[in-house]
1. Show me 41-47, 20-26 ranked by packing, highest mean number of other Cβ atoms within 10 Å first.
2. Once both labels are modelled 7 Å past Cα along the beta-carbon direction, what's the residue 4-residue 29 spacing in nm?
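Nothing in this text is a laboratory measurement; each read-out follows from the coordinates by a stated rule. A quick note: this is a predicted structure, and the numbers were derived from the prediction, not measured. Cβ atoms come from the backbone with ideal geometry, glycine included; neighbour counts cover every protein chain shown.
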Amino acid sequence: MAARKSFLLRVDPALWDLVERLAQAELRSANAQVEFLLRDALERRGIRVGVAAEPPTKDDAGGETE
């Protein structure tokens, strides 16, 4: 699985409460709900977001092997 990017997100407490309630209703964690909402917002704007691929290894990038 690809590594996830961690970052600090400051959110209005009332907004976060709504995200947590929605996540609970849809049986997701709050983190998964935020990711779902971000992907949905991007797709509504015509930006297709696929699953992040593993970064290429030295061998995949055509580098020399030992």
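1. 20-26, 41-47
2. 0.4
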